[in-house]
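Here is the structure we will look at, set down as structure tokens.
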Amino acid sequence: MANPSSQVLTANRLNDGTVLYRKADGWVLTLAEADVYDDKPAAQAALDAATAGLTRNEYVSPYLFEVRRENGVIHPVKEREIIRAAGPSVRADLGKQAQGV
Amino acid sequence: MAEPNMYRYDEFDAQFVAERTAQFRTQVERRLKGELNEDQFKPLRLMNGLYLQLHAYMLRVAVPYGTLSSAQMRKLAHIARVYDKGYGHFTTRQNIQYNWPALVDVPDILEELASVEMHAIQTSGNCIRNVTADHFAGAALDEIEDPRPLAEVIRQWSSLHPEFVFLPRKFKIAVSGAPNDRAALAYHDMAIEIVKNDQGRVGYKVLVGGGMGRTPYIAQVLGDFVEKEDILAFLEAAMRIYNQQGRRDNMYKARIKILTNALGIEEMRRLTGIEFAEIKKAGTLQLPKEELDRITAYFAAPAFETLEDAMPSGDAAFEAWKKTNVHKHRQPGYAIATISLKPIGGVPGDASADQMDAVAAIMDRYSLGEIRVSHEQNLVLPHVRQKDLPAIHAALAGFDLATPNAGLITDIIACPGLDYCDLANARSIPIAQDIAKTFADLDRQHDIGELKIKISGCINACGHHHAGHIGILGVDKKGVEFYQLLLGGSGAEDASIGQIMGPGFTEHEIAGAVERVVNLYLAKREKGERFLDTYRRMGMEPFKNVAYGEELYAVHQG
Amino acid sequence: MPFIKDKALAADSFTAVADDAALADGPVLVSLARFQKDRETLLARNTAIGVRLKSDESPELLGEDVNRLSLVALEFPKFRDGRAFSWARMLRTRLGFTGEIRAVGDFLYDQLAYQHRTGFDAWELPENLTLDDFNRALAEMTNVYQPSADGKKTIRELRAGL
């Protein structure tokens with residue numbers, strides 16, 4: 001049973017807009033590599049740290065979104081984050097999905 | 001390369017755009033260095049058309065009043081190839097959007113644009129946006145005057161207007177010179193219709209307070225007949241009232257449509273009249289005839305050949321294209337040709353760099369180097385010889401640009417939706433694709449006739465769903481996409497706001513619901529009725545009964 | 001904070017007086033509410049008076065008194081609120097105000113040129129900005145398309161050789 005409160009932290013890279021996911025104190029390019037926070041305090045702590053780091057001007061708009069894990073694979077709950085993690089659903093040749101992610 | 005008759009920058013325009021580009025370059029540098037935080041940078045980048053969307057930044061480039069030269073089209077293709085992922089998206093506001101530019105590249109893109117007299121100034125933000133116009137301007141049979149000279153005058157007046165770059169909300173202006181409204185005037189914050197008064201003098205009818213979004217309104221008349229020389233003073237007066245009194249406490253109530261309806265159109269007219277008199281007294285905004293004439297001269301009719309009307313015939317594919325995509329031109333022997341950017345199953349409004357280059361070559365060879373971007377997300381060759389139409393059709397077909405569906409049910413307007421847009425609640429493009437595939441049969445499309453489907457992925461209505469004969473609005477229900485159906489909208493001279501039918505449909509149900517609605521129209525229409533006419537005669541109820549399922553329909557008929 | 005008057009660093013001769021504080025000697029800057037409450041006293045003092053208007057307070061609320069003021073300070077509560085641009089323009093053109101119009105509150109480097117164009121001639125600059133920044137901001141765009149309160153020749157006039 002997936003934990004309904006599991007969350008991942010995301011942002012966009014400042015210089016080119018690329019979607020980023022939080023892993024430890026840094027960022028990765030794919031949802032598969034992202035840290036999943038299974039409790040709210042951990043998620044909030046990650047968001048707080050990322051918010052504090054905005055002054056470094058490396059990324060913008062950090063926020064948390066819901067995920068569920070099935071067989072060890074992370075799936076966003078909402079369509080918006082599914083598309084954001086993959087790329088446009090109408091252009092399978094573009095976005096992260098095209099990079100074999 | 002053909003040089004079309006359109007506005008050309010002089011040294012002042014060129015310097016203005018160059019300096020604005022340099023200014024934006026420093027703004028980007030300040031952002032990267034942290035001298036501006038995101039909250040401060042956002043309105044500045046938006047004023048230059050730069051958004052941060054789902055996957056990347058998005059740059060919106062202005063195509064003022066929809067007119068492009070072939071050199072500009074080639075530059076748009078070049079930018080798509082070099083700085084983006086090989087394509088661009090033509091929008092309902094006669095702009096083109098690039099979906100993948102890097103922030104650090106945008107100043108270079110703007111320099112490329114400036115080299116062909118283009119820019120992204122005020123394509124977003126709470127300011128006066130790209131001025132739009134009838135895409136048949138200068139070619140239409142029903143035109144009183146070409147609306148583009150006035151649109152250019154307004155473009156210049158509104159560019160970095162010091163009072164109006166931090167308005168309560170965005171501000172959209174459209175201009176049309178013909179009684180048949182192809183510019184959706186009634187849905188603009190302000191709109192100008194070129195009219196003739198009783199004495200035969202040409203002037204401007206000014207509308208205010210139209211708009212879509214959360215609270216759709218049809219525009220009302222602010223000025224019945226504004227003299228040409230007074231038009232900027234009149235617009236500035238209304239803008240000033242709006243900047244001073246428009247709401248700033250709630251972004252959903254900040255457009256001028258809300259102010260107009262709160263004050264009432266009479267009060268809006270009175271306040272505008274007082275301010276107008278003040279501005280006129282100062283005299284500095286009067287538009288001298290010489291200046292309007294000077295700008296009008298740029299848009300002079302091309303040197304048409306003396307030809308007879310003689311529409312060529314061809315194979316079935318050509319005939320089908322001719323029937324819907326070719327329109328009557330004011331000049332004998334000439335025609336207007338619509339290039340559909342709506343291939344069945346494609347992305348409405350998208351064009352690849354190769355397609356743009358192909359179009360540029362066709363423009364040079366057949367259309368005096370000129371093209372228009374329409375608010376219906378198509379391209380329009382404004383001045384082609386009738387005898388060239390078969391060759392044009394063949395050239396277009398080679399690049400998948402000859403879809404014969406202009407004005408038909410598969411000529412669907414759709415915003416980028418949740419596939420790209422940060423504001424969207426639901427996807428638009430796959431719905432457009434589903435519906436287009438459902439009605440792919442050409443005979444069936446022709447049988448259905450004129451039917452405008454318009455799809456928006458959120459309440460902001462970039463896909464003009466309120467103005468669709470059939471409108472579709474994507475909504476989010478706990479992270480799942482649902483689609484509301486609206487019927488009876490129109491963005492033309494018979495403007496009306498579509499009515500919501502009822503509960504939404506899933507993404508898998510919506511195309512079927514549209515099909516049932518259309519089938520009812522086919523069964524019930526009277527001679528000569530478009531879908532919209534039948535809907536207006538019959539009302540929502542019978543359509544609602546069929547939309548939710550065949551069984552419900554049977555019950556209703558029984 | 002840096003104070004700029006007539007395009008140079010200057011000393012602010014006005015004392016800002018809170019609504020509930022006693023009037024200071026010399027030129028004072030008060031809110032519209034305070035001005036309306038103590039109008040007689042203020043006008044009788046024979047010293048320069050400044051009134052600070054919030055962004056939803058039209059200069060028209062000053063009525064005939066506007067030209068007895070030496071200073072009108074227009075507030076930007078946040079930089080996105082652009083009402084003061086129109087208030088400044090109204091003061092300079094419709095109301096014929098020739099005194100100081102001062103920008104106060106939250107505004108950006110990128111708005112200085114617009115403020116200057118619409119009639120501001122004094123600035124309580126944000127801490128991070130210098131006189132050099134100010135001068136650079138005003139010089140970024142050489143020419144303008146539309147008349148405003150700065151009397152600057154428009155591109156149309158330049159084209160006509162005026």
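The values are calculated or read from the model by the stated rules, or taken from the named source; none is laboratory data. From a predicted model like this one, the values you see are computed outputs, not experimental measurements. As a convention, Cβ positions derive from the backbone with ideal geometry for all residues, glycine included, and neighbour counts pool all protein chains shown.
Residues are listed down the side, and each one gets a yes or a no for (1) in contact with a helix residue (DSSP H, G or I) (Cβ under 8 Å, 6 or more places away or on another chain); (2) at pLDDT 95 or above; (3) under 30 Å from B:V475 (Cβ atoms); (4) of a type in the set (S, T, Y):
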{"residue": "A:V36", "(1), (2), (3), (4)": "no, yes, yes, no"}
{"residue": "A:A45", "(1), (2), (3), (4)": "no, yes, no, no"}
{"residue": "A:L54", "(1), (2), (3), (4)": "yes, yes, no, no"}
{"residue": "A:A85", "(1), (2), (3), (4)": "yes, yes, yes, no"}
{"residue": "A:G100", "(1), (2), (3), (4)": "no, no, no, no"}
Among residues of the stretch C:137-151, those that are more than 7 Å from chain B (Cβ to nearest Cβ), without any contact (Cβ under 8 Å) to a residue 60 or more places away in the chain and surrounded by 15 or more Cβ atoms within 10 Å (Cβ to Cβ), counted: 3
Single condition A:G17 does not satisfy, out of (1) in a loop (DSSP other than H, G, I, E, B); (2) within 11 Å of the chain's Cα centre (by Cα): (2)
Complete set of residues in the stretch B:262-294 that are assigned to a helix (DSSP H, G or I), of a type in the set (A, V, I, L, M, F, W, C) and either under 21 Å from B:N243 (Cβ atoms) or facing another protein chain (nearest Cβ under 10 Å) (or both): B:A262, B:L263, B:I265, B:M268, B:L271, B:I274, B:F276, B:A277, B:I279, B:A282
Where a residue in the stretch C:39-55 is under 11 Å from C:V17 (Cβ atoms) and at pLDDT below 95 and its partner, wherever it lies, is part of a loop (DSSP other than H, G, I, E, B) and aliphatic (A, V, I, L, M), with Cβ under 7 Å and at least six apart: none
Leading residue by the ranking (nearest to the other protein chains (Cβ to nearest Cβ)) among those in the stretch A:44-71 that are hydroxyl-bearing (S, T, Y) and part of a helix (DSSP H, G or I): A:T55
Any chance B:F164 is within 14 Å of chain C (Cβ to nearest Cβ), of a type outside the set (G, A, S) and either crowded, with 24+ Cβ neighbours inside 10 Å or in contact with a Phe, Trp or Tyr (Cβ under 6 Å, 6 or more places away or on another chain) (or both): yes
Scan of the stretch B:389-417 for residues that are over 20 Å from the mean Cα position of the chain (by Cα) and within 14 Å of another protein chain (Cβ to nearest Cβ), ordered by number: none
Filter result for A:R22 (part of a strand (DSSP E or B) and over 9 Å from the mean Cα position of the chain (by Cα)): no
Spans of helices (runs of 4 or more DSSP H) in the stretch C:32-121 with at least 1 residues among the aromatic types (F, W, Y) and within 11 Å of another protein chain (Cβ to nearest Cβ): C:83-92, C:112-118
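Given the criterion closer than 21 Å to B:T324 by Cα, buried (at least 22 other Cβ atoms within 10 Å of the Cβ) and among the basic types (K, R), identify the matching residue among B:R444, B:R372. Reasoning before the result, please.
Numbers: B:R444 fails: buried (at least 22 other Cβ atoms within 10 Å of the Cβ).
Being closer than 21 Å to B:T324 by Cα, buried (at least 22 other Cβ atoms within 10 Å of the Cβ) and among the basic types (K, R) holds for just one of B:R444, B:R372, which is B:R372.
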Residue check, B:V380 in contact with a Lys or Arg (Cβ under 8 Å, 6 or more places away or on another chain) and not in a helix (DSSP H, G or I): yes
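Take the residues in the stretch B:188-202 that are surrounded by fewer than 21 Cβ atoms within 10 Å (Cβ to Cβ) and in a strand (DSSP E or B), then tell me which one is nearest to the chain's Cα centre (by Cα).
The selected residue is B:V195.
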One residue from B:A360, B:A320, B:A297 being under 22 Å from the mean Cα position of the chain (by Cα) and either part of a helix (DSSP H, G or I) or modelled with pLDDT under 95 (or both): B:A360
Positions within the stretch A:72-101 being more than 9 Å from every other protein chain (Cβ to nearest Cβ), part of a loop (DSSP other than H, G, I, E, B) and not small (G, A, S), in sequence order: A:V101
Selection status of B:N243, under 13 Å from B:F171 (Cα atoms) and either surrounded by 23 or more Cβ atoms within 10 Å (Cβ to Cβ) or not acidic (D, E) (or both): yes
The lone exception for B:A424 - which of (1) within 13 Å of chain A (Cβ to nearest Cβ); (2) outside any loop (DSSP other than H, G, I, E, B); (3) out of contact with any strand residue (DSSP E or B) (no Cβ under 6 Å at 6 or more places or on another chain) it fails: (2)
Residues located in the stretch C:122-144, provided they are within 17 Å of C:S86 (Cα to Cα) and in a loop (DSSP other than H, G, I, E, B): none
Criterion (assigned to a helix (DSSP H, G or I) and either at pLDDT below 95 or among the small types (G, A, S) (or both)) met by exactly one of B:A406, B:A436: B:A436
